[in-house]
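The values are calculated or read from the model by the stated rules, or taken from the named source; none is laboratory data. Quick caveat, the model's predicted, so the values are computed rather than measured. Here Cβ is always computed from backbone atoms with ideal geometry, including for glycine, and neighbour counts include all displayed protein chains.
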């Protein structure tokens, strides 16, 4: 019998890959915004914010997928998508959690 998955018993490689790949996606997103003229290339603060937002959004979706016991490949796909859309995925996560807690309140 395998132990239940919790954040404490994940392998460190999983964390590095999720956050690392998300940071790369955030950097690419920043480069795309610079090429489109929406950001200045020398704006380091905006670049760091884009990287952190992507990594944070991807981490949230990663934990949500683990909580829902989704397959690892599906978890990777959703985490990558969340990193690409950054702050919009954080708003989606907030709406999802609000609806989940509303359903739990109705049950009790």
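Numbers below:
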| read-out | value |
| --- | --- |
| Residues that are without any contact (Cβ under 8 Å) to a residue 24 or more places away in the chain and part of a helix (DSSP H, G or I), drawn from region 52-75 | 65, 67, 72, 73, 74, 75 |
| Out of 50, 46, sole residue that is at pLDDT below 90, under 22 Å from residue 92 (Cβ atoms), surrounded by 11 or more Cβ atoms within 10 Å (Cβ to Cβ) and in contact with a helix residue (DSSP H, G or I) (Cβ under 9 Å, 6 or more places away or on another chain) | 50 |
